[in-house]
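Input: a single structure, listed below in structure tokens.
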Amino acid sequence: MKHTTIFSKMKFKPNPRSLLIALTIALLLLPFITDALLGRGWVRIVDFAMLYIMLALGLNIVVGYAGLLDLGYIAFFAVGAYCYALTGSPHLALAFPVAFPDGVHLSFWIVLPLAALLAGGFGVLLGAPTLRLRGDYLAIVTLGFGEIIRIFLNNLNAPINLTNGPQGISRIDAVNVAGAPLSATQNILGISFPSVHLYYYLFLAFTALVIFVSQRLEKSRIGRAWMAIREDEIAASAMGINTRDLKLLAFAMGAMFGGASGALFAGFQGFVSPESFSLMESIMVLCMVVLGGMGNIAGVILGGILLAVLPEVLRHSVVPMQQALFGKIIVDPESLRMLLFGGALIVMMLYRPAGLLPSRVRRRELGSDEVAEKA
Amino acid sequence: MTHTPSLLQLSSVSKQFGGLSALSDVSLHIRRGEIYGLIGPNGAGKTTLFNVITGLYQPSAGEFQFNGTHYQTAKPHVLAQAGIARTFQNIRLFANLTALENVMIGRHVRTRAGVFGALLRNRATRDEEHAIAERARKLLHYVGISKPAQTLAKHLSYGEQRRLEIARALATDPQLLALDEPAAGMNATETASLKKLLKTIRDGGITVLLIEHDVKLIMGLCDRVAVLDYGKKIAEDVPEGVRKDPAVIAAYLGGGDD
Amino acid sequence: MEIFLQQIINGLVQGSVYALVALGYTMVYGILGLINFAHGEVVMIGAMLALSALTSLLGMGAPPALALLLSIGLAMLGCMVLGYSIERIAYRPLRHAPRLAPLITAIGVSIVLQNLAMMIWGREYHSFPQMIANHSHTFGGAIINDIQIIVFVLALAIMAGLMVVVHRTRLGRAMRAVAENQHAAQLMGVDINRVISITFMLGSALAAVAGMMISASYGLAHYYMGFLLGLKAFTAAVLGGIGNLRGAMLGGLLLGLIESLGAGYIGDFTGGFFGSNYQDVFAFFVLIIVLVFRPSGLLGERLAERA
């Protein structure tokens, strides 16, 4: 309920522009504040939270706008991550010592669009046969796809070592911006920016871009058609909407966002392994979308922040608490986290299907009712 | 405009579900600019016929011709593009979208903006969006919805929801407006104003196909009426003729009170 | 040739377990039009319950045959309660909600069950106690052991029993009526909620038996075993034609054969590039191929969006 009041107050602030400027300044200072108050480790956590928000916003297009349940979303993230891991590291020298004696080192900015396209291509391959069927099939096929990608990543180290199997690929090149690698501390205008800060700004820019794209799509002819499909597919097709093509578009666009985020992830972490792309990660991203409110950008961002920070909070609270109470650890924070996610999915659907934040439409409707009463 | 007098012509359309025959050998034609009624006892195949015309079902045999083009199997969105718009017997609005958005979605099929238009929001897209919203507002007014355009569809009254469905269908610029029991569940006042609305729509140049339970409404409104019974057409005439048709009388007396 | 026969035997045994699990998917789908994603986890819980009961009963010195019967019974009972609760808590309140809602709660239920199981039974593999001497028989050069024979015969018997229930009893008639047309069935005086509850309980009981069989034939049980098993059994149900009981049985057996023959020969076909570690991939490709070419499955009817 607290969110509602904060939100309605924000809505009636006299000057939204000054609010936006204040928000921008706060976001720009955030890594320095976090660093000073909580330590550098938390800046890294904030970076990961931004990645998750990007992922969640991408999935929101698929689940929130078009109403398609994608349970293997992390697989597209994996495709993007390995795309850059292979083309931006010494790894391929192992498989092709003659062709690439030093591995392949393409620029991140060339790989990024390719990773997005490749992931989108996988999305089309997967979506084309399934999207003409009922929604449940998409759910289960994507679930299977998520597992298959992991099986391939785990096993494609022999006879030709493509993925290095469970060990994963390391020494991935850092992202370069204007010739400066973000993996090292940079001095700009006399201020020193550690690597995690630099990545924060990179991710912030990308998150802003994803938000911009989502917003534009939401309030467009395409976005309306997606929502029509989400609300009632038969009625949508009777209104002349080619439901199959539009579903495929949503699915492929979501996959592209996933792929791009994956490439960012690989560059940031410098290391990828199949472990990062388990089903649980897909569920976590889905949880972010559902918790905040499907189809609602602000809600999805809130969900992303909550769930990205939750594991850290659990790690810092559950373990010492159990140590103090029982003298040993009975429930490890990881499974407690998953238990909470699963429970949250059920409880949200049963009691608050619109999510934590009231949706855009609901807010607008409340606003217009007030106007109508005054008139 | 083509010179054919009929807008829609069905030739020997049949539809089977499993072993059951829901429609057998139905032929009929709807003329441009008329209000054409389709009645029949419960389970006579009215909705099945309707779903064939609007592409939800594929006919098992036969074909139909709309506006000079032959169709045997066509997807609903193709027929909407061709100019057939419909409403649903058990209202199927986009419940969690606003009244305005519902009607705007009806414009989808007559507008063009794609992903790049949405992202760039260039001149053409903005103009198109503006025109869509403008048209949608006009249609809301036209069908007589007085609530704010931003009201969620699910919060409209029952009668208004029916009207909103009609507005949404009209937004597709149809040549044939097909209504599946639009007066179901309406009270006498609502039915009377619906009748007026349908006449206005017809006078605006749109052909109307009406399926109804309410025989009185059909008789008072339609130019011509077809009667289905057990999946067969048993009569097709002006209301007066149908009323006197012995086969129709028998079907209705035998089929209970409706 | 011996390898071929061996793979056929392994495939049929494995497939009969898939069939039992697939029946659970298909029965619920037939009646509710819902994919019960949590079904694989019910199998896992069944296996774990049976194994725990068996170990402690044997530890208390119960005779093996009695311990086995009791633990199967206990697992079935536990899973029936579980299946009933899942439907009541996670599906029934959402029966008229948008389609996405019950799918999401189903995923939530799976995650909860999996992690609860991990908390209770830990991350480690639990081994199935060796109770009877598991004799091996050679059969045309291939080997088949007692457990495999028991699993296969028992699975066939249970399936036959289910067919009798569905086609020869009042309950079965009610189930078929609800599957055909819920509204009409209700008008005819069928208590729909009761039929749905019983369907979930029946499917869950089958799942418990299947879970026990799987852990007996591999000698292992694990908190994560339900996920892949569920996915494969669902594939089996789709392969046979989802909603169709005979289809689920056929699909299960076929999928077992495809997997075991595929794993046996993939090395030869790909020149050693892919090995049997890709076994789990086959089910997925079968699923995609079926959905592309025959979404209604082998025995199913047309499967378009219902109006």
Worksheet item: Just a yes or no: is a residue in the range C:2-21 aromatic (F, W, Y), at negative phi and open to solvent by less than 10 Å² (accessible area, probe 1.4 Å)?
Response: yes
Next on the checklist: Condition check: facing chain A (nearest Cβ under 10 Å) and in a helix (DSSP H, G or I). Does B:L100 satisfy that?
Outcome noted: no
Filter the range A:322-343 for residues that are within 14 Å of C:N115 (Cβ to Cβ) and of a type outside the set (A, V, I, L, M, F, W, C); the one that is farthest from the other protein chains (Cβ to nearest Cβ) is A:P333
Exception for C:L187 within (1) modelled with pLDDT under 90; (2) crowded, with 19+ Cβ neighbours inside 10 Å; (3) more than 30 Å from A:S335 (Cβ to Cβ) falls at (2)
Restricted to the range B:80-97 and to residues being more than 8 Å from chain A (Cβ to nearest Cβ) and assigned to a loop (DSSP other than H, G, I, E, B), the residue surrounded by the fewest Cβ atoms within 10 Å (Cβ to Cβ) is B:N90
Fill in: So A:F96, is it free of Cβ contacts under 8 Å to residues at least 24 places away in the same chain, within 14 Å of chain C (Cβ to nearest Cβ) and open to solvent by 30 Å² or more (accessible area, probe 1.4 Å)
no
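Based on what the data block shows, is A:R132 within 14 Å of chain C (Cβ to nearest Cβ), in contact (Cβ under 8 Å) with a residue 24 or more places away in the chain and charged (D, E, K, R)?
Yes, satisfied.
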Quick check: anything in the range A:213-221 within 14 Å of chain B (Cβ to nearest Cβ), in contact with a helix residue (DSSP H, G or I) (Cβ under 7 Å, 6 or more places away or on another chain), among the hydrophobic types (A, V, I, L, M, F, W, C) and open to solvent by 10 Å² or more (accessible area, probe 1.4 Å)? yes
Of the residues in the range B:134-165, those that are more than 8 Å from chain A (Cβ to nearest Cβ) and either in a helix (DSSP H, G or I) or exposed (fewer than 15 other Cβ atoms within 10 Å of the Cβ) (or both) number 22
Determine, yes or no, whether C:A90 is open to solvent by less than 10 Å² (accessible area, probe 1.4 Å), within 12 Å of chain A (Cβ to nearest Cβ) and touching a residue at least 60 places away in the same chain (Cβ under 8 Å). no
For A:L125, the lone unmet condition from (1) touching a Ser or Thr at 6+ places or on another chain (Cβ under 9 Å); (2) surrounded by fewer than 22 Cβ atoms within 10 Å (Cβ to Cβ); (3) more than 28 Å from A:V175 (Cα to Cα) is (1)
Residue pairs within 8 Å by beta carbon, gap of at least six or interchain, first lying in the range C:275-291 and more than 9 Å from chain A (Cβ to nearest Cβ), second assigned to a helix (DSSP H, G or I) and of a type in the set (S, T, Y), listed first then second, are C:V286/C:T235; C:V290/C:T235
Looking at the range C:123-140, is at least one residue open to solvent by less than 50 Å² (accessible area, probe 1.4 Å), closer than 23 Å to C:L69 by Cα and of a type in the set (F, W, Y)? yes
Considering residues that are touching a strand residue (DSSP E or B) at 6+ places or on another chain (Cβ under 8 Å) and in a loop (DSSP other than H, G, I, E, B), the number found within the range A:176-190 is 2
Exactly one of A:I172, A:I149, A:I110 is within 14 Å of another protein chain (Cβ to nearest Cβ) and not in a strand (DSSP E or B), and that residue is A:I149
Reported set for the range B:62-76 where residues are farther than 26 Å from B:H213 by Cβ and either within 12 Å of another protein chain (Cβ to nearest Cβ) or open to solvent by 40 Å² or more (accessible area, probe 1.4 Å) (or both) is B:E63, B:Q65, B:N67, B:G68, B:T69, B:H70, B:Q72, B:T73, B:A74, B:K75
inquiry  = On the basis of being out of contact with any helix residue (DSSP H, G or I) (no Cβ under 7 Å at 6 or more places or on another chain), farther than 24 Å from B:G40 by Cα and touching a residue at least 12 places away in the same chain (Cβ under 8 Å), does B:Q175 make the cut?
reply    = yes
Residue pairs qualifying under the 6 Å Cβ cut-off, at least six apart or on distinct chains, with the first in the range A:238-255 being more than 21 Å from A:G121 (Cβ to Cβ) and within 12 Å of another protein chain (Cβ to nearest Cβ) and the second being aliphatic (A, V, I, L, M) and surrounded by fewer than 24 Cβ atoms within 10 Å (Cβ to Cβ), are A:G240/B:V109
Of the listed residues (A:I21, A:I53), the one being of a type in the set (V, I, T), open to solvent by 60 Å² or more (accessible area, probe 1.4 Å) and farther than 19 Å from A:G270 by Cβ is A:I21
It is to be established whether one or more residues within the range A:67-75 are part of a loop (DSSP other than H, G, I, E, B) and open to solvent by 30 Å² or more (accessible area, probe 1.4 Å). no
Those residues of the range B:108-133 which are among the polar types (S, T, N, Q) and more than 8 Å from chain A (Cβ to nearest Cβ) amount to B:N122
For the range A:344-358, the count of residues that are within 12 Å of chain C (Cβ to nearest Cβ) and either open to solvent by 80 Å² or more (accessible area, probe 1.4 Å) or of a type in the set (A, V, I, L, M) (or both) equals 10
Within the range A:151-187, residues hydroxyl-bearing (S, T, Y) and either open to solvent by less than 60 Å² (accessible area, probe 1.4 Å) or touching a residue at least 24 places away in the same chain (Cβ under 8 Å) (or both) come out as A:T163, A:S170, A:S183
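The values are calculated or read from the model by the stated rules, or taken from the named source; none is laboratory data. The structure presented is a predicted model; accordingly, all values stated were derived computationally and were not measured. Quick reminder, even Gly has a Cβ in these numbers, built from the backbone with ideal geometry, and neighbours come from all protein chains shown. SASA here: full protein model, heavy atoms, side chains in, ligands and nucleic acids out. Shrake-Rupley method; radii C 1.70, N 1.55, O 1.52, S 1.80 Å.
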